[in-house]
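Engineer: Once you've had a glance at the structure underneath, I'll fire off some questions.
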Amino acid sequence: MLDSREPTPTHRVALVIQYLGTQFHGWQRQSRQRTVQEEIETAIATILGYHVTLHGAGRTDAGVHAAAQVAHFDATGLIPAHKWATVLNSYLPPDILIRASAGVSDRWHARFSADSRRYRYTIYTEALPNLFVKRFSWHYYYAPLDESLIQAALEPLLGKHHLAAFHRAGSARSHSWVEVQAAECRRNGSFIHIEIQANGFLYGMVRLLLGMLVQVGSGQRTLANFTEIWKEERREEVKYAAPPQGLCLLRVGYPDFPFPPEIWYDTQPYLVFGY
């Protein structure tokens, strides 16, 4: 006998999410590990009374922060899409914040509709450590860093390249093609900020790349050698990943995004003291 009840309508809700990655084992739900996805899914389930899947724009590693991660879920019920941010924030721990929520089409997808992701990496170069920047930067004091050398190393990466040299093992991705859309390095006093934007990133790519860029900036590796290694896909020579706490998912870009720029564009404050 057919069920005569009308199906319950659902609506798709998009979220802009900030989190401090220090106490998380990354974004993606994992068994017996604290993750951002699990915390938010648990909060949604508490509100709705049933489990939903939260789809993120991308995964971040353990210890990596996000200034404007994007995710979506499908829900039934009477809570308007734009109210979900306020409701969820009352259930979430203090190291996660929903910056805004909005309704989107059921064809819109946080991951597959995105056309760019941008990361920022922060390096602190003073000789003495500083507790107030420890969670958000790599304290690199072993040798002076020349930001102009790092910028010169970044420039050949612009465009579409096969970046297998920066592809960690364990990825399910079948290829290593990446279109790098922007790459820049700037110094603000004691801090060096490196930003990289691409259509997508390989598993472990940014931290492996940063580890080598610091070698270039400190003079341990020449510009020519760095470029040869990634162009010739010499993965065995890429041995060191930058630590996670300096890395932040700065933003995700979409051709059709329901949020104004002030919600998502540059919401990680620069660390700039030390002039």
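The values are calculated or read from the model by the stated rules, or taken from the named source; none is laboratory data. All figures in this text were calculated on a predicted structure; none of them were measured in a lab. When we count neighbours, we look across all protein chains shown, and the Cβ atoms used for this are built from the backbone with ideal geometry, even at glycine. To get the accessible areas, we keep the full protein, side chains included, count just its heavy atoms, and leave off ligands, DNA and RNA. Shrake-Rupley method; radii C 1.70, N 1.55, O 1.52, S 1.80 Å.
Engineer: Return the total of residues in the stretch 217-256 being modelled with pLDDT under 95 and under 30 Å from Ala85 (Cβ atoms).
Structural biologist: 1
Engineer: Only residues that are assigned to a loop (DSSP other than H, G, I, E, B) and either of a type in the set (Lys, Arg) or without any contact (Cβ under 8 Å) to a residue 60 or more places away in the chain (or both): list them for the stretch 126-158, please.
Structural biologist: Within the stretch 126-158, Ala127, Leu128, Pro129, Asn130, Leu131, Phe132, Tyr141, Leu158 qualify.
Engineer: A further question on this structure: Is one or more of the residues making up the stretch 55-68 open to solvent by 10 Å² or more (accessible area, probe 1.4 Å) and over 13 Å from the mean Cα position of the chain (by Cα)?
Structural biologist: yes
Engineer: Could you say whether any residue in the stretch 31-46 is among the hydrophobic types (A, V, I, L, M, F, W, C), open to solvent by 40 Å² or more (accessible area, probe 1.4 Å) and not assigned by the TED database to the domain that holds Arg135?
Structural biologist: Among the residues of the stretch 31-46, not one is among the hydrophobic types (A, V, I, L, M, F, W, C), open to solvent by 40 Å² or more (accessible area, probe 1.4 Å) and not assigned by the TED database to the domain that holds Arg135, which makes the answer no.
Engineer: A further question follows. Mind checking which residues of the stretch 69-90 are open to solvent by 10 Å² or more (accessible area, probe 1.4 Å) and touching a helix residue (DSSP H, G or I) at 6+ places or on another chain (Cβ under 8 Å)?
Structural biologist: Within the stretch 69-90, Thr76, Gly77, Ile79, Val87 meet the criteria.
Engineer: Cβ contacts < 7 Å: first residue under 15 Å from Ile40 (Cβ atoms) and at pLDDT 95 or above, restricted to the stretch 74-85; second residue open to solvent by less than 50 Å² (accessible area, probe 1.4 Å) and part of a loop (DSSP other than H, G, I, E, B), any location; separation 6+ or different chain. Result?
Structural biologist: Asp74/Val52
Engineer: Return yes when Ala110 is at pLDDT 95 or above and at negative phi and no when it is not.
Structural biologist: yes
Engineer: Name every residue in the stretch 105-125 that is assigned to a loop (DSSP other than H, G, I, E, B) and either crowded, with 16+ Cβ neighbours inside 10 Å or in contact (Cβ under 8 Å) with a residue 12 or more places away in the chain (or both), in order of residue number.
Structural biologist: If the condition is that a residue be assigned to a loop (DSSP other than H, G, I, E, B) and either crowded, with 16+ Cβ neighbours inside 10 Å or in contact (Cβ under 8 Å) with a residue 12 or more places away in the chain (or both), then Ser105, Asp106, Trp108, His109, Ala110, Arg111, Ser113, Ala114, Asp115, Thr125 are the ones that fit.
Engineer: Okay, moving on. Looking at the stretch 26-68 only, could you name the residues that are over 25 Å from Glu195 (Cβ atoms) and in a loop (DSSP other than H, G, I, E, B)?
Structural biologist: Arg29, Ser31, Arg32, Arg34, Thr35, Gly49, Tyr50, His51, Val52, Thr53, Leu54
Engineer: Got a sec? Which of Ala71, Ala85 is of a type in the set (Gly, Ala, Ser), outside any loop (DSSP other than H, G, I, E, B) and touching a Gly at 6+ places or on another chain (Cβ under 9 Å)?
Structural biologist: After applying the criteria, what remains is Ala71.
Engineer: For Ala164, state whether it is small (Gly, Ala, Ser), under 19 Å from the mean Cα position of the chain (by Cα) and over 17 Å from Phe112 (Cα atoms).
Structural biologist: no
Engineer: What single numbered condition from (1) under 19 Å from the mean Cα position of the chain (by Cα); (2) assigned by the TED database to the domain that holds Arg221 fails to hold for Val238?
Structural biologist: (1)
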